[in-house]
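Readers should treat all values here as calculations from the given coordinates under stated rules, not as data from a laboratory. Predicted model only: the values in this text are computed from it and were never measured. All Cβ positions, even for glycine, are placed from backbone atoms using ideal geometry, and neighbour counts span all protein chains on display.
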Amino acid sequence: MSEMEQLEAIANELIRTFDILTPPVPIEWMLQNPRDSMWKKVDINQLSGSFLNIREYYSPRMSMARLLARHVASSEWGKSRGLTTILMRGEDHLRAFARMLVMPSDMVSTLTAAGQNPTTMSVAFEVPEDDARIRLHELSHQRL
């Protein structure tokens, strides 16, 4: 299994652990309501404005998704699944994992073929279109 496939499996397992069934994935809620053996509750009101990327309407959600990815990786839950080791390989892995968290493959696969486009996914998952485009590209390469 490739590292990206491992990340996909971990992301889907995390989403199932939080009993999330439909988009948009509640990233902020997840940060504030960790399950046992995960991170300490995050007070998102304490985050500085410089932390959040605000280039596009949904860009702050991607910043929060990367924060969630870091918390998952440093938790006992993430460590026990080898997530810390994989994400240490670089920022690209962290960004990919964050995209997997906000646009889980299990949820993307339930969209109609017509719905699997950057514009529709941007609205459904509340992510920037560029991130939706990258995610679709990642998923299409995994299916090869």
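With K and R counted +1 and D and E -1, the other residues having a Cβ less than 12 Å from that of ARG99 yield a net charge of 0.
In the chain, the DSSP-assigned H stretches of four residues or longer account for a calculated mean residue ellipticity at 222 nm of -17000 deg cm²/dmol, using -39500 (n - 2.57) per stretch and the full residue count as denominator.
Please go through the stretch 10-41 and write out the trypsin sites (Lys or Arg not before Pro) that DSSP classes as loop and that have at most 13 other C-beta atoms within 10 Å. Filter output for the stretch 10-41: ARG35, LYS40, LYS41. Peptides 95-105, 65-75 ranked from most to least packed give 95-105, 65-75, packing being the mean of other C-beta atoms within 10 angstrom over each peptide's residues.
Ordered by the count of other Cβ atoms within 10 Å of each Cβ, fewest first, HIS141, HIS93 give HIS141, HIS93.
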